[in-house]
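I have placed the structure first, in the form of structure tokens, so that the comments after it can refer back to it.
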Amino acid sequence: MRLFGELQWFGHEAALAIAWIDKSMPGAQSALAGLFQAADEAAAALESHASTGLADIVSNAVDDAGSTIANLISASGLDLTTKQILTAADVAIVTAAHSVAQNAISVATAKLLGQTAQIAAAAGRASAATPAAPQG
């Protein structure tokens, strides 16, 4: 596990979040530290995408993902704004919401590609079955 100072993007946020966790919950601290390490690596990847001309798409995607995660956490019944200290159960809910969002994007991407390929294949079959108009 990298130290907070080694995180390029989220060192300050990670330190604050870890301090927010009940000190008697070392497993929760490790889980949250892992989440921040992964987020730091993801931010570097997104910066690379943004530098290729996709900055608006990246920015919108991060905003949309933030809303999705907030909605998932809210649906679980957890209100982070009322928490003075995070418990292991709170961190587990946040981690689960994060996992649900990541997995949902992977499933949605696969479904979209599969459906699009099916439509393209059907269009190709229809085009091949249509006789060519006589040239004249």
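The values are calculated or read from the model by the stated rules, or taken from the named source; none is laboratory data. Keep in mind it's a predicted model, so treat the numbers as computed, not measured. With ideal geometry, Cβ positions are generated from the backbone for all residues, glycine too; neighbour counts draw on all protein chains shown.
Values as computed for the structure displayed
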{"item": "Criterion (surrounded by 14 or more Cβ atoms within 10 Å (Cβ to Cβ), of a type in the set (A, V, I, L, M) and not in a helix (DSSP H, G or I)) met by exactly one of 72, 78", "result": "78"}
{"item": "Restricting the stretch 92-123 to residues that are polar (S, T, N, Q) and without any contact (Cβ under 8 Å) to a residue 60 or more places away in the chain, the residue that is farthest from residue 17 (Cα to Cα)", "result": "118"}
{"item": "Qualifying residues in the stretch 2-11 (those that are of a type outside the set (D, E, K, R) and touching a helix residue (DSSP H, G or I) at 6+ places or on another chain (Cβ under 7 Å)) - the one modelled with the lowest pLDDT", "result": "4"}
{"item": "Subset tally (residues that are more than 18 Å from residue 96 (Cα to Cα) and in contact with a strand residue (DSSP E or B) (Cβ under 9 Å, 6 or more places away or on another chain)) for the stretch 16-30", "result": "2"}
{"item": "Residue match in the stretch 55-74 (condition: in contact (Cβ under 8 Å) with a residue 60 or more places away in the chain and not aromatic (Phe, Trp, Tyr))", "result": "no"}
{"item": "Residue that is modelled with the lowest pLDDT [pool: residues in the stretch 12-40 that are loosely packed, with under 15 Cβ neighbours inside 10 Å, over 12 Å from the mean Cα position of the chain (by Cα) and in a helix (DSSP H, G or I)]", "result": "26"}
{"item": "Subset of the stretch 41-92 that is more than 22 Å from residue 104 (Cβ to Cβ) and polar (S, T, N, Q) - its residue that is nearest to the chain's Cα centre (by Cα)", "result": "48"}
{"item": "Residue 109 being farther than 24 Å from residue 9 by Cα and part of a helix (DSSP H, G or I)", "result": "yes"}
{"item": "Unmet criterion (only one of (1) surrounded by fewer than 16 Cβ atoms within 10 Å (Cβ to Cβ); (2) outside any helix (DSSP H, G or I); (3) not charged (D, E, K, R)) for residue 9", "result": "(1)"}
{"item": "Among the residues listed as 66, 77, 53, 11, the single one being in contact with a Gly (Cβ under 6 Å, 6 or more places away or on another chain) and over 13 Å from residue 91 (Cβ atoms)", "result": "11"}
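The rows are residues; the columns are (1) in contact with a Cys (Cβ under 7 Å, 6 or more places away or on another chain); (2) of a type outside the set (S, T, N, Q); (3) farther than 21 Å from residue 100 by Cα.
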{"residue": "9", "(1), (2), (3)": "no, yes, yes"}
{"residue": "13", "(1), (2), (3)": "no, yes, yes"}
{"residue": "32", "(1), (2), (3)": "no, yes, no"}
{"residue": "43", "(1), (2), (3)": "no, yes, no"}
{"residue": "50", "(1), (2), (3)": "no, yes, yes"}
{"residue": "79", "(1), (2), (3)": "no, yes, no"}
{"residue": "82", "(1), (2), (3)": "no, no, yes"}
{"residue": "85", "(1), (2), (3)": "no, yes, yes"}
